[in-house]
Amino acid sequence: MAGKKGFGGGSGGILALEIKDEAELYEHYMSFVSGGGLFVPTKKSHELGDDIFFLLTIYLSNEPIPMTGKVVWVTHSGSGSSKREGVGVQFTDEQADLKIQIEQVLTGMVQSHQPTLTM
């Protein structure tokens, strides 16, 4: 794993994402990523391909879900957009059930033209 940062990408606390409702889920879900993904707001520096760990608290689950994946999207501060700073994390095969659950909840919204945190 030469040139890659460890899980979480640097020192400090564990990254966490809390999604309280369907509207927030729509904003964070990255349907255009193969296998699905979530946008995780963070000010920590990450690069494409970094392995990342975060704790997902989502209204669809009673317990927080430990998540790992690869960074496939980076929004830097000062990027000239109104988007929040953070990273998009691609789901792993272990999160295939979560992807299906999210897409079932978002049926009809996934193809919406409402803005998200990435597009």
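Between amide H atoms placed 1.01 Å from N, distances below 5 Å from MET30 occur with GLY37, LEU38, PHE39, all of them 5 or more places distant or on a separate chain. Karplus-derived 3J(HN,Hα) values for the range 46-59, using 6.51 cos²θ - 1.76 cosθ + 1.60 with θ = phi - 60°, are 9, 10, 3, x, 4, 7, 9, 10, 8, 9, 9, 9, 9, 4 Hz; glycine and proline are entered as x. Backbone geometry of the range 92-107 corresponds, through the Karplus equation with coefficients 6.51, -1.76 and 1.60 at θ = phi - 60°, to 3J(HN,Hα) couplings of 8, 4, 5, 9, 4, 5, 5, 4, 4, 4, 4, 5, 5, 5, 8, 3 Hz, x marking Gly and Pro. The range 17-39 and the range 91-109 have Cα centres lying 9 Å from one another.
About the centre of its Cα atoms, the range 15-105 shows a dipole size close to 360 debye [charges on the beta carbon of Lys, Arg (+1) and Asp, Glu (-1) only; nearest 20 debye].
For the pair GLU85 and ALA16, how long in nm is the line joining their label points, each one 7 Å along Cα→Cβ? For GLU85 paired with ALA16, the spin-label model returns 2.0 nm.
Remark on ILE19: its backbone amide H falls under 5 Å from those of THR57, ILE58, TYR59, a criterion applied only to residues 5 or more positions apart or on other chains, H modelled at 1.01 Å from N.
For GLY69, the residues whose amide H sits under 5 Å from its own are ILE52, ignoring neighbours fewer than 5 places away on the same chain, with H placed 1.01 Å from N.
What the phi angles of the range 27-35 give under the Karplus curve with 6.51, -1.76 and 1.60, with θ = phi - 60°, is a coupling list of 5, 8, 6, 10, 5, 7, 8, 4, x Hz, glycine and proline written as x.
Throughout, read-outs are computed from the coordinates displayed, never taken from laboratory work. Because the structure is predicted, anything quoted here is derived from the model rather than measured. Methodologically, a virtual Cβ is constructed for each residue, glycine included, from the backbone with ideal geometry; neighbour enumeration extends over all protein chains shown.
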